[in-house]
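Following: one structure in structure tokens, then a few remarks.
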Amino acid sequence: MKQLIRRLRHNLSSLIAPGVTDPYTLPREDVRAAMANPLARREMIEFSRQEYARNPYYKSVINKLSNHVIGPSPTIIGMGRDDVSNNTMEDLYTDWSQSNNIGKALRLLRRDAALTGLGLLIPKKHTQSPHLVKTSFKAYGADALKTPYNKGLHDRIYDGIEYDKDWEPIRFHFKNDILEDRFLRNVDDTTTYSIDEVLYWAEGYENGVMIPQPECVQAFTIYPYIRRFLQAVIEGEEFRQSFPMAVELDPKYYNINSQEKNSPPTGQFEYEPKMIPTLKPGMKLSGLPTGVSAADRERMVKMMAAAAALCIDMPANLANGDSADSNMASAQVDIQPWKNKVYIDRFDLQPIFRRTFKMWFDRGVLIERFFPSFVRRNHSNFFPHTYVFDPLFEHPDPLKNSNARAVDLASGAATLNALYAQLGKNAKREISREADLLGISYEEMAQIILTNRSTLALKVLGDDEEETSSPDPQRQAR
């Protein structure tokens, strides 16, 4: 069976990309056709893992995607009527999230979804956690799944995912050698989890069916070239540092069609360092070209890396980690599609966030006195809440940020809740804390902020009008 699989892999690679030394380098027009084949899809997932381990550009793109979408960890804001219950639940959830590495598990989920096309979280007990609720999660990708030996397509099982009659996932079959219960290995070398026992997230859907494939699969036609190009650059630099020389032959003396003894020689002309070679008549040493310039090589690498990052709407300055050629205006235009991508992913991941919260809440209810009595009384079944995240990008000048917020507040384009949510904070709690420090009520503190925001906004607008109405005398003199 193993020999058959190896033969299929060899035949598949030769059919997809004949004549290419790297079997994973697919022509662009063949990527979609290749990913329709389950064997090719598994090969691409394995290649994605390998590329993540050895390609710094690919690893940077995937890490930035997961880190920007999740951030440290989603923060909840209670939406209940009782402020005390809201604050208590927010603190308890944040404590659990920090103690059990929930933010890390969610980032790994998003990373594996990008690498393999499917991210999976299996609940596990975190025995080292100081929190009373020991529930944590372990992340896996699509390459952790496997179709059982006695199952097949007639059972609606594809690559370890079992579907119902409407082609919705209902079970996941994990490899036993991936999970902790390796000692339970028997004839059936998989462990099955129902859809209710696993948190999963994927973007790869083809004709209404979830088919896991790496999100940057189109980049696989580019990234191998980057790796080979960099290898060639390194070898070229080593070649140049060795002062490469070649023996140039005089065509008048050496003739390729000549049958005489002075026919062109073959092979290498060897000589020791610090030695002046004695060449035969008609020969001289000539330097070899060293290849393209350093600036051309840099542009080539950046161009290929940026083109690959376009698969997930990532701008070139983020993909390359270099904003030297960008100004503030152009960078903002380039980053806007990336921000939209992150916001969309955060919205699509809401079911995962809420299921993790529900698991924590259900287990907390079972622990005596974990939730205060007033929380149990007001929220016996569920706790209404929303999520906020750390900000993505801001202007590097804090004064410009504060002035812009003041103008938005004064004009009604934004509210305190919206602005605090953009910063990943709870407006009511932040204002209440500030009011406690000043020894005033929440209402008085809110009134002070609302009054000052109008004054500051009018001052900012007034300054802008003065700058536009009164020209610079030095500029006029020039």
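In the stretch 58-86, what count of residues is obtained for those that are more than 22 Å from GLN422 (Cβ to Cβ) and in contact with a strand residue (DSSP E or B) (Cβ under 9 Å, 6 or more places away or on another chain)?
2
Those residues that are surrounded by fewer than 12 Cβ atoms within 10 Å (Cβ to Cβ) and among the aromatic types (Phe, Trp, Tyr), I need them from the stretch 376-406; list them, please.
PHE382
Only one residue in VAL61, VAL69 is β-branched (Val, Ile, Thr), surrounded by 23 or more Cβ atoms within 10 Å (Cβ to Cβ) and more than 30 Å from ARG433 (Cα to Cα), so which one is that?
VAL61
Return the residues of the stretch 360-389 that are assigned to a helix (DSSP H, G or I), among the charged types (D, E, K, R) and modelled with pLDDT under 85; say none if nothing qualifies.
Once the filter is applied, which keeps residues that are assigned to a helix (DSSP H, G or I), among the charged types (D, E, K, R) and modelled with pLDDT under 85, the stretch 360-389 yields ARG376, ARG377.
Report the residue count in the stretch 159-186 for those that are assigned to a loop (DSSP other than H, G, I, E, B) and modelled with pLDDT of 60 or more.
Total meeting the criteria: 9.
Identify the residue in the stretch 336-375 that is among the aliphatic types (A, V, I, L, M) and surrounded by fewer than 18 Cβ atoms within 10 Å (Cβ to Cβ) and, among all such residues, is nearest to the chain's Cα centre (by Cα).
Ranking the qualifying residues of the stretch 336-375, first place goes to ILE344.
Pick from the stretch 82-111 the residues that are surrounded by fewer than 20 Cβ atoms within 10 Å (Cβ to Cβ) and free of Cβ contacts under 8 Å to residues at least 60 places away in the same chain: which of them is nearest to VAL375 (Cα to Cα)?
Ranking the qualifying residues of the stretch 82-111, first place goes to ASP91.
I need the full set of residues from the stretch 113-150 which are out of contact with any helix residue (DSSP H, G or I) (no Cβ under 7 Å at 6 or more places or on another chain), assigned to a loop (DSSP other than H, G, I, E, B), touching a residue at least 12 places away in the same chain (Cβ under 8 Å) and not hydrophobic (A, V, I, L, M, F, W, C), in order please.
Residues satisfying the conditions are HIS126, LYS134, LYS146, THR147, PRO148, TYR149, ASN150.
Is it true that TYR442 is within 24 Å of TYR343 (Cα to Cα) and surrounded by 13 or more Cβ atoms within 10 Å (Cβ to Cβ)?
Against the criterion (within 24 Å of TYR343 (Cα to Cα) and surrounded by 13 or more Cβ atoms within 10 Å (Cβ to Cβ)), TYR442 does not qualify.
Consider only pairs whose beta carbons are under 8 Å apart and that are at least six residues apart or on different chains; among these, list those whose first residue lies in the stretch 406-421 and is over 23 Å from THR386 (Cα atoms) and touching a residue at least 40 places away in the same chain (Cβ under 8 Å) and whose second residue is in a helix (DSSP H, G or I) and among the polar types (S, T, N, Q).
From residues that are over 23 Å from THR386 (Cα atoms) and touching a residue at least 40 places away in the same chain (Cβ under 8 Å), the pairs are ALA410/SER454.
Mind counting the residues in the stretch 69-112 that are assigned to a helix (DSSP H, G or I) and under 25 Å from ILE312 (Cβ atoms)?
Selection size over the stretch 69-112: 13.
The values are calculated or read from the model by the stated rules, or taken from the named source; none is laboratory data. The model shown is predicted, which means the values in this text are computed figures rather than measured ones. Reconstructed Cβ throughout: ideal geometry from the backbone, glycine too, with neighbour counts over all protein chains shown.
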